[in-house]
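Structure first, then comments.
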């Protein structure tokens, strides 16, 4: 099961804030909320949401300042501004401080949903490959080819490391043997689906992933799915 996308709503008007919380919850998102800029900044840095829906006119820290601080702290997720203002200069200011899109009040919930989805899709496409990943006592560094299981170093071949990286990058997705052959082995004529199965068995053994497999699951008749860390 894939992780729910997390959305943070920073809005001082209680009725709007609660309406947005209810709406995005119904759409299947994990929703956080904050009533002012200071709380919004703290929650964004602590919870690292996938999207921040940020009102501009907030008590305490202004919405522009919240966004500026987030970007200064290295926060990468998209920021969608909510504003009662529509003048061009305000939009330009929002983009200058690191905002990604605007919705002007009063707004349609369906329009807001469409903008949020577009930003989340774009962020997913732009997400860099992870160089380090940890799950259930396993840590792997793909830059140094370092794998540790329960704190002990474990040696993987280059192809095993490539396979593990591809599985982790597509965690929660069922991957057929044919897809793995294409993406990891580039359809090498010397490689059969049996080779994929052999590499999966070797990975499971080295990860201490004995049945019932906690990390790499077999989807019978289809392929494999990585679920470690989900």
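The values are calculated or read from the model by the stated rules, or taken from the named source; none is laboratory data. As the structure is a computational prediction, the values presented were derived from the model and not from experiment. As a convention, Cβ positions derive from the backbone with ideal geometry for all residues, glycine included, and neighbour counts pool all protein chains shown.
For the reader, a short list of remarks on this structure follows.
- Listed conditions (1) closer than 16 Å to residue 32 by Cβ; (2) modelled with pLDDT under 90; (3) touching a helix residue (DSSP H, G or I) at 6+ places or on another chain (Cβ under 9 Å) are all met by residue 48, apart from (3).
- Residue match in segment 52-71 (condition: closer than 30 Å to residue 168 by Cβ, touching a strand residue (DSSP E or B) at 6+ places or on another chain (Cβ under 9 Å) and assigned to a helix (DSSP H, G or I)): yes
- Residue 99 buried (at least 19 other Cβ atoms within 10 Å of the Cβ), part of a helix (DSSP H, G or I) and touching a helix residue (DSSP H, G or I) at 6+ places or on another chain (Cβ under 8 Å): no
- Among the candidates 82, 54, 70, the residue that is more than 30 Å from residue 226 (Cα to Cα), over 22 Å from the mean Cα position of the chain (by Cα) and surrounded by 20 or more Cβ atoms within 10 Å (Cβ to Cβ) is uniquely 82.
Matching residues to (1) modelled with pLDDT under 90; (2) surrounded by 15 or more Cβ atoms within 10 Å (Cβ to Cβ):
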residue	(1), (2)
152	no, no
160	no, yes
174	yes, no
179	yes, yes
182	yes, no
186	yes, no
189	yes, no
192	yes, no
202	no, yes
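- Check on residue 204, part of a helix (DSSP H, G or I), farther than 30 Å from residue 51 by Cα and either assigned by TED's automatic domain parsing to the domain that holds residue 30 or out of contact with any helix residue (DSSP H, G or I) (no Cβ under 7 Å at 6 or more places or on another chain) (or both): yes
- Boolean, residue 229 is touching a strand residue (DSSP E or B) at 6+ places or on another chain (Cβ under 6 Å) and either modelled with pLDDT under 95 or in a helix (DSSP H, G or I) (or both): yes
- Any hit, segment 21-36, residues being surrounded by fewer than 15 Cβ atoms within 10 Å (Cβ to Cβ), without any contact (Cβ under 8 Å) to a residue 12 or more places away in the chain, assigned by TED's automatic domain parsing to the domain that holds residue 106 and under 22 Å from residue 104 (Cα atoms): yes
- If you filter segment 125-178 down to residues that are in contact (Cβ under 8 Å) with a residue 24 or more places away in the chain, assigned to a strand (DSSP E or B) and within 21 Å of the chain's Cα centre (by Cα), you find that the one that is nearest to residue 77 (Cα to Cα) is 133.
- Residue list for segment 13-31, restricted to those being on the phi < 0 side of the Ramachandran plot, modelled with pLDDT under 95 and outside any helix (DSSP H, G or I): 13, 27, 29, 30
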